[in-house]
Amino acid sequence: MLYIIPTPIGNLEDITLRAIRFLKEADLILAEDTRTTGNLLKHYGIETKMQPFHLHNEHRTVARLAERISNGEKIALVSDAGTPGISDPGFLLVRECINNGIAVECLPGATAFVPALINSGFPCEKFYFGGFLPQKKGKQTMLKFLAALDCTFIIYESPHRLLKTLAQLAEFAGADRYASVSRELTKIYEETTRGTISEMIAYYSQKTIKGELVIVVAGK
């Protein structure tokens, strides 16, 4: 079986007992970065062998990995933080296993956009998750689409692109549209700021921005 195992997005205590057990019982752990996952395994005394699995090698490795699972190995897939497949590698391997009749089990667990959405205070009975926006081609088209939605929407962003993306959101959604920005979720310097997009721009223009960010924007 292939096990999809969410890992903490910051605080190492945010992992389930079942995830720890599966990581210990697996024959192999596929890790986006073995150094990052190694810290987690060391913290919980897990000695399972690891193998790198990331965006640069997943296309050429999924067939072989599916074959190994078919031959009886229990393989666990983790990303650096959060749930594999959500803006991280994982989809191709899951699809390959399903196409080959291999059982896949995804454990519930950490993902950054859920606490950011709840912390925003915006309606969340329905929402749109946009993940990371295209860096160049297609970004403006996507922003126009998001700005027209009548429900809350969520995007991920890196520190060096935050102000540019906020400025583009102000252009397409309006500077007075309400938004929240969450950074360093579950970590010691966790912060969520709320206000209009123009207020977010003013706030972050005065700060050194660190850590991955989740932007939540109210619907039209």
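What follows draws every value from the coordinates through simple rules; no lab data is involved. Values in this document were obtained by computation on a predicted structure and should not be read as measured data. For neighbour counting, all protein chains shown are included, and Cβ atoms are generated from backbone atoms with ideal geometry for every residue, glycine included.
If one computes the Cα centroid of the range 101-170 and of the range 13-66, what distance in Å separates the two points?
Taking the Cα centre of the range 13-66 as reference, the centre of the range 101-170 is 26 Å away.
Bin width 5 Å, alpha-carbon pairs only: give the P(r) of the range 60-115 as whole percents, running from 0 to the bin holding the largest distance.
Whole-percent P(r) values from 0 Å outward: 4, 18, 30, 23, 14, 8, 3, 1.
What's log10 of I(q)/I(0) for the range 1-141 at q = 0.12, 0.13, 0.15 Å⁻¹, Debye sum over Cα points only, no solvent?
Cα-only, vacuum Debye calculation for the range 1-141: -0.52, -0.61, -0.78.
Hey, for a label at R95 modelled as a point 7 Å past Cα toward Cβ, could you say which residues of the range 52-88 have their backbone N under 18 Å away?
Label zone hits: 54-67, 84-88.
Percent of Cα-Cα pairs more than 18 Å apart in the range 136-196, please.
Distances greater than 18 Å cover 36 percent of the Cα pairs.
Given the -39500 (n - 2.57) contribution per DSSP H run of 4+ residues, what per-residue ellipticity at 222 nm results for the chain, rounded to the nearest 500 deg cm²/dmol?
Helix contribution divided over all residues of the chain: -10500 deg cm²/dmol.
Per-residue counts of other Cβ atoms within 10 Å, averaged by peptide: what ranking do you get for 191-198, 110-117, 49-56, 213-220, highest first?
Packing order, densest peptide first, comes out as 213-220, 110-117, 191-198, 49-56.
Just how many pairs of Lys in the range 27-171 have C-alpha atoms closer than 30 Å, counting pairs that are eight or more places apart or on different chains?
So the count works out to 12.
Given a cut-off of 15 Å, what percent of all Cα-Cα pairs of the range 170-220 lie beyond it?
In whole percent, the share of Cα-Cα pairs in the range 170-220 beyond 15 Å is 44.
Please state the charge dipole magnitude for the range 94-220, taken about the Cα centre, from unit charges on C-beta atoms (+1 on K and R, -1 on D and E), reported in debye and rounded to the nearest 20.
Charge dipole, the range 94-220, about its Cα centre: 460 debye, nearest 20.
Would you mind computing the Rg to Rh ratio of the range 116-220 from its alpha-carbon coordinates, Kirkwood style for Rh?
Reported Rg/Rh (Cα atoms, Kirkwood Rh): 0.92.
Can you list residues whose amide H is under 5 Å from F127's amide H, if they're 5+ apart or on another chain and H is modeled 1.01 Å from N?
Here the answer is none, since no amide H 5 or more places off falls under 5 Å of that of F127.
Given +1 on the Cβ of Lys and Arg, -1 on the Cβ of Asp and Glu, and no further charges, what dipole in debye does the chain carry about its Cα centre, rounded to the nearest 20?
In total the dipole reaches around 480 debye.
Express the relative contact order of the chain as a whole percentage, based on alpha carbon pairs under 8 Å and six or more residues apart in sequence.
22 percent
Taking every DSSP beta bridge that has both residues in the chain, what percent is antiparallel when rounded to the nearest 5?
Among the beta bridges of the chain, antiparallel pairing accounts for roughly 50 percent.
Among the GluC sites (Glu not before Pro) within the range 1-92, which fall in a DSSP loop and have no more than 12 other Cβ atoms within 10 Å of their own Cβ?
Taking the range 1-92 and a limit of 12 other Cβ atoms within 10 Å, the loop GluC sites (Glu not before Pro) found are E13, E47.
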